[in-house]
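**Student:** Pasting a structure below so you can have a look.
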Amino acid sequence: MKAIALVVASGLVGCALTSNAPPVALLFFSPEPPASASETHRPAEAGLALRLGRLESGAHLRNRILVRRTPVEVAAYEDRRWTEYPEAYVRRAVAHALFEERALVPVVAGAAPTLDLELVAFEEVRRGDGSSARIELRYALCGERQVLASGVVVAERRAAAEPFEAIVVAMGAALAAAAAELAEVVVARLAATE
């Protein structure tokens, strides 16, 4: 009897594997704008030093592109992916805002305040009047003995049009806005502790 069940079960698996269903064609997107060689840099923020620490995110924030349909429902596109995990985009954007735009001194060893991040949302948000891109970051700026600052940064940018590429562009704008806002908070707090 067990042999018959195995034959039947393996036959069902074989049917699913040899069906004529077309494969899903995956599309890959990147919210980062192309690198520009003409970027201007601000002068150094009086030698302020910072270590960019951990960046964590939930397991649902991988390379599948998410869409929030209601305040409590998040789904993923079956055929659309980010070229990298959203954490990589956030880390690069925050590092750029802190160390290139505001010219903080990056620290890799020794005593320095550390900025730890948690990526909470990296998603398209659908509403009756259109779609927007939303990024939410929790942060903690820690000194040697205490938390110097903590909070949440949320950036949302509306998509200019209906094609999905508009959502990707809006995500890039939201990413830049979140990184810039976070950098302003960090620089202000570090300057106040000097």
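The values are calculated or read from the model by the stated rules, or taken from the named source; none is laboratory data. Quick caveat: nothing in here was measured; it's all calculated off a predicted structure. Positions of Cβ are generated from backbone atoms using ideal geometry, with glycine treated the same way; all protein chains shown enter the neighbour counts.
**Student:** Confirm whether V107 is among the hydrophobic types (A, V, I, L, M, F, W, C) and at pLDDT 95 or above.
**Tutor:** No.
**Student:** List pairs: first in region 53-71 and under 21 Å from V94 (Cα atoms), second modelled with pLDDT of 90 or more and among the basic types (K, R), Cβ under 7 Å, 6+ apart or cross-chain?
**Tutor:** L55/R91; N63/R81; I65/R80; I65/R81
**Student:** Just to be sure I understand the filter: pairs with C-beta atoms under 6 Å, separated by 6 or more residues or on different chains, first member in region 130-151 and touching a residue at least 12 places away in the same chain (Cβ under 8 Å), second member loosely packed, with under 14 Cβ neighbours inside 10 Å and assigned to a strand (DSSP E or B). Which pairs pass?
**Tutor:** Pairs found: R138/V152; A140/V147; A140/S150.
**Student:** Would you pick out the residues in region 151-166 that are assigned to a strand (DSSP E or B) and surrounded by fewer than 13 Cβ atoms within 10 Å (Cβ to Cβ)?
**Tutor:** G151, V152
**Student:** I've got another one for you. Condition (residue is in contact with a helix residue (DSSP H, G or I) (Cβ under 6 Å, 6 or more places away or on another chain) and either among the charged types (D, E, K, R) or touching a residue at least 12 places away in the same chain (Cβ under 8 Å) (or both)) applied to region 161-174: is it met by at least one residue?
**Tutor:** No, region 161-174 has no match at all.
For (1) buried (at least 16 other Cβ atoms within 10 Å of the Cβ); (2) outside any strand (DSSP E or B), each residue gets a yes or a no:
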position	(1), (2)
H96	yes, yes
F99	yes, yes
A112	yes, yes
D116	yes, no
L119	yes, no
I135	yes, no
L141	yes, no
R145	no, yes
L148	yes, no
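**Student:** Same structure, new question: Given the structure, is E84 modelled with pLDDT of 80 or more and either within 29 Å of A191 (Cα to Cα) or in a helix (DSSP H, G or I) (or both)?
**Tutor:** No: the conditions fail for E84.
**Student:** Out of L182, L175, report the one residue that is surrounded by 19 or more Cβ atoms within 10 Å (Cβ to Cβ), of a type outside the set (V, I, T) and farther than 27 Å from R69 by Cβ.
**Tutor:** L182
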